[in-house]
Every structure is written in structure tokens, then in C-alpha cells.
Amino acid sequence: MDLNSILSQLGLGGKKDLVYLSVTPGVGLELIQLDIGTKSVKNYSYRPLEYNESLREISNIEEFKNAVSELFNELKISMHSSVVINIPMVLFGSKELPLLLADDAVTEALTSEVEQSYIFKRYEPVVSWSDASYGQSGDMRKLYYSAVQKNTVDDIKNALGELGITVAGIEVSLISLLKALAFTGLADDELKSNNYSWNLMIINQNGYSISSMMGKNIVDYYEEPLAIKSFEGDEIYNAINASAQITLMSYPANSLFIVSTTNLVSAELLANRIHIEGGIKYYDNNDFKRDNPLPVSLEVLEDNAHKISLEAIGVAVGNNVGFPIKFNFLSSSSESGIEDPDEPVHVELGSKEFDISPNAARNISLLFSLIIVAPFLALFIGVPMVANKKQAQLDELNSKIEQVNSEIKRLEEEQNKLNNFDVNAEIKKVLGTNRSKLIAYSALGESVPKKLWITYFVAKDDGKFDIKGDSENVEDIYTFFKNMKDSLIDTKLRLHKLQLKTNSIDEAVTIDPNQPADYEFEVTNMSDSEVSALQQDKDDAKADDEKGAKNAKSKKTTNKK
């Protein structure tokens, strides 16, 4: 798929097809499209069309319109196309004018010159002109001009306009023929250097013309009218030869190129009659044609292919072959040439030089614009989408946080209602309890005499303590008790128990007075009931441990069996 197809699918196309027509006496109306890359004819057909050689105009414009419609339908070309059309040259000339003259003044001066011709005494002319690129000097400039009837231009535009076709340009046969000679390679030797002089002789039904050339540049132009139709047989060649021999003496050149556009004269036979210094080449642009100037596609009928004229090829070349002289009959004061949307622009990039058409440049620029803009477009579209998605996730998270905070607040309120729960008070309580325990541990470590042993110690969260121990004498027990009370102020410690440590009364009676006794004691700030409850918890825990140990031993014995 080519670039135009891609851009068309993207809605960035819009270029109209460019179609080429040629009004060619002896053939009729030709429609042609070239493949410039392969230099071949890809589409061609023609319709007979009468042309008035005396008045230099299309005999019947309605027939022209019908012929165009038939050709477009035959070749399946859209009527919404642009057309560049070649017409037979009516008038061509040159004139020197001062460099200071503005374009409008130049057009006015040339129009006055053109109106001296017999044709334009009857019809208003459309004049187009171009600076000669060869031999300019001093304060004067040499101009080449051409003119056609204004009514012919208007008739062509109106007829095509009624069919929906846009006229992009009108070209004359001399320029079209020169471009065809360049494009087909028929005149490569003559056109390759601007220092090479040669003459182009074109034979038509009204006589012949000679264009004195230096490469691609026209140096001079001359027309010789001859009533060719009035001659018979060899008289035609003798008449042309006699006249041309004299004329060519005024235009010395390295070679002569003869082109016959009329079926009355063979360029090959004429070339054999004319004797001049330098080489002679020829091409029969008529029924005497031996070979087609370009290969044609299989879509072109063989009978049609033989009709293809140099003028049709030249106009279809467009601006792919550059010539110094260009005419534009759609704007009488312009010298910009045919308004061809495919006119190549010469581009230099460093040491590289190449030609690129405006349409191709436009397509490339559009493609590069798409490549450059696409990431930003993706960001422009994608970022808001991602941002919206992330914002939705954030909103959802914030909503959940609000729900959790509301639930926490609700639970706190319910807890406060049920238990009169005071967080600050509880914190103070915990800190205070831990502080009391730390103080108790510290006092315990500082108050124990050398011969006193602590066997049990418990400190509860509500500041209650229970301490049990053994000692060899009562004095150490009282010293310990006194030190604890001094350290734990306001704890209301009391000596809950102090007794000899014996297993029976007999053992207590038989104690040796000379041996140290063994006393046990209990210091606490708990009530008797609290001490009893604490002891009961201790006994229950001990019983549970013994029961668990017994069960474990029984299970082990069973496994061994």
C-alpha cells in the first residue's frame, strides 16, 4: 500500500487525480497517463475530434465535451479530477523589452504585439510569456511569448467544468513536443548540453516551423507557411526542401531534427531530401510512425498505442522534465507555468541533490507530523485516562479510610458508653502500674539481707504485692520488712506470716537451740481473702501441672506396650 493510500485511509488525502488531454490534429482528442518511474504509458485512449487548422480552434466544443466524457468513462477515471490539456500552438514569438517594465506593462506590450496577427484581429487573445534564459544582457530582457484565443480557453474550461473536471493547466504543442523528445530520449544528444546548437523542424498542414536551439534553450523561432495540401506526390518534398534549404542557412547548427505531425509528409523521406552540414535525425509523429516512442501497458489496446503522439506524451510528463520556457494561459499576466501540483522542487541537503514534488513533500511531511504528534496525542489521550483511573482508585481508598475511621469512632463511643472507658486514664494507669512494679523490684533488690532468701514474689497491676521467703533468724526478716516499707511508701505493707519452717510439731519441739533455725515469712499489702485467693490459684496451677505430667507419663507407657 502506497503513502497516498495510507493517508487517504487516515482522511489526510484529498489529492485529485491528475489527467492529461491533448487536442492533436490528425489524431483527435487523446487521454494519457504515464508511469514516470518506468517511463511507460499506463493508460491511454483517444476519440476523433475535428480541428480547424485555419482558425486554429476546436471545430465543435460540444463534440469535445462528449469525447472527454467518453474517454473518462472508458478508462474508469473519476470526473472529479484535474486536467492539464495540450492544444495546438496558435502563435509564438520573441521580443526584447526594458528590464524596468513591470509584469502588467509587459503583458500589455505583448498583447499589443499579438493583436497584429490576423487571428487575434477577430478574437481577444490570452497571452503568456516567459523570460529567455539564454543571451540576456544590458538593460533589456528577451521574452518568449505565446497566445491563444480567450474564447477557446473559456470554452474548454466551461465544457470541462460542466463535467465536474477542474482545469489545472493549458499547454501548447511546441513545449509539449520538446518535453516529449527529452523524456523519450529521442533527442538526448541534442538536449544534453546547453552549448550544443541544433534546429528543430516541425512539419504541419499549414507549413513548417524552425526552432533554433542551444540545448534546451530556444534561441530563435521562425514559421514558414506552405499550402502543403495543394501539392501532390513528390512536389510536397521538393517544395519543403527548396524553402527549408534557404531558411536553414540563416540558422547554422550542428544538427537538424525533423518531426512531421501531418499524414501528408513523411519525416524520413524529407530527411533524405534535405542536404545540410551536420547530422539529420527525424521522427514521424503521424501514420508513417514505425515504433512507439514509449512502451505501453497491457491495458492499452494495440491499435490505440500506435496513435500516441509526442504532444500527448509531452503534456503528460508534466514538470518532471524541466524546460526554461513555461506558459500558463489560465492567468494572462503570469509566467509561473502550468499549475501542476506535481511540479518537482529542487532540494539540496549537504552534498546530496534531489527533486521532490510538492505532493510527495506534503505526504512525507504529513507522515512525519503523524509520527511526531502521535506520542503527544497518545499522552494527551492516555494521561487523562490513567489519571482518571488512579483518581478513582484514590477516591475509593479515601472512602474506605473514612469508613474505617467512622467505625473506629463508633466503637470508641460505644465502648465509652458501656464501660466509661477513658483512654487517657487507662494510659496513666498502665504507666503507673509499671512504675509501681519497677519500684517494687528495685526495693526488693536493695532490701534483701545476706541470710534471707526470697522464694516467691508477685506484683499485680493494681499495685498489690505478695512476697514469701526464708531466713535463719527473725532479725533479718524484720530488717527486710522495714526496708521494704521505707522503699514502698503508701503501699501499706504488712508482715502477714512469720513462723518456723517445719513439717510437724515434733520436729519443732526437737529443734536444737544451738543450731540456726529456719524461718519462713510472707510480706504483703493484700487482704487475707486476696492472699487466700492467690494461694488457691497457685495450688490449682500446680495440680494442673502434676495432672498433665501424669497423663504424659501414662501415654508414654502405653506406647511402649
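The values are calculated or read from the model by the stated rules, or taken from the named source; none is laboratory data. Just so we're clear, the structure is a prediction, and the values are computed from it rather than from any experiment. Cβ coordinates were reconstructed from backbone atoms using ideal geometry, including for glycine residues, and neighbour counts include every protein chain displayed.
Considering only residues that are out of contact with any strand residue (DSSP E or B) (no Cβ under 9 Å at 6 or more places or on another chain) and part of a loop (DSSP other than H, G, I, E, B), look in the range 296-320 and name the one that is modelled with the lowest pLDDT.
Initially, the range 296-320 is screened for residues out of contact with any strand residue (DSSP E or B) (no Cβ under 9 Å at 6 or more places or on another chain), giving 298, 303, 306, 319.
Keeping just the survivors that are part of a loop (DSSP other than H, G, I, E, B) gives 298, 306, 319.
Values: LEU298: 90, HIS306: 90, ASN319: 84.
Here the answer is ASN319.
Which residue is modelled with the lowest pLDDT, if the candidates are limited to the range 103-118 and must be within 15 Å of GLN149 (Cβ to Cβ) and surrounded by 11 or more Cβ atoms within 10 Å (Cβ to Cβ)?
Once the filter is applied, the top-ranked residue is SER117.
Can PHE323 be described as in a loop (DSSP other than H, G, I, E, B) and modelled with pLDDT of 85 or more?
On the way: in a loop (DSSP other than H, G, I, E, B): yes; modelled with pLDDT of 85 or more: no.
So PHE323 does not fit the description; no.
In the range 479-499, how many residues are surrounded by fewer than 17 Cβ atoms within 10 Å (Cβ to Cβ) and more than 16 Å from GLU446 (Cβ to Cβ)?
7
Could you tell me which residue of the range 458-478 is farthest from VAL531 (Cα to Cα), considering only residues that are surrounded by fewer than 17 Cβ atoms within 10 Å (Cβ to Cβ) and of a type in the set (Asp, Glu)?
Filtering first and then ranking leaves GLU475.
When the range 469-492 is examined, which residues are found to be touching a helix residue (DSSP H, G or I) at 6+ places or on another chain (Cβ under 8 Å) and of a type in the set (Phe, Trp, Tyr)?
PHE480
With respect to LEU397, is the statement that it is modelled with pLDDT under 80 and over 30 Å from LYS142 (Cβ atoms) true? Give the derivation first.
Values: modelled with pLDDT under 80: no; over 30 Å from LYS142 (Cβ atoms): yes.
No: the conditions fail for LEU397.
Are any residues in the range 233-286 more than 60 Å from the chain's Cα centre (by Cα) and among the hydrophobic types (A, V, I, L, M, F, W, C), and if so, which ones?
Selection gives ILE236, ALA239, ILE240, ALA242, ALA244, ILE246, MET249, ILE274, ILE276.
Could you check, for the range 166-180, whether at least one of its residues is more than 20 Å from GLY318 (Cβ to Cβ), in the same structural domain as ILE36 (by TED's automatic domain parsing) and at pLDDT below 95?
To start, the set of residues in the range 166-180 that are more than 20 Å from GLY318 (Cβ to Cβ) comprises none.
Taking every residue of the range 166-180 in turn, none turns out to be more than 20 Å from GLY318 (Cβ to Cβ), in the same structural domain as ILE36 (by TED's automatic domain parsing) and at pLDDT below 95.
Please determine, by comparing only the residues of the range 433-457 that are modelled with pLDDT under 70 and touching a Gly at 6+ places or on another chain (Cβ under 8 Å), which one is surrounded by the fewest Cβ atoms within 10 Å (Cβ to Cβ).
THR433
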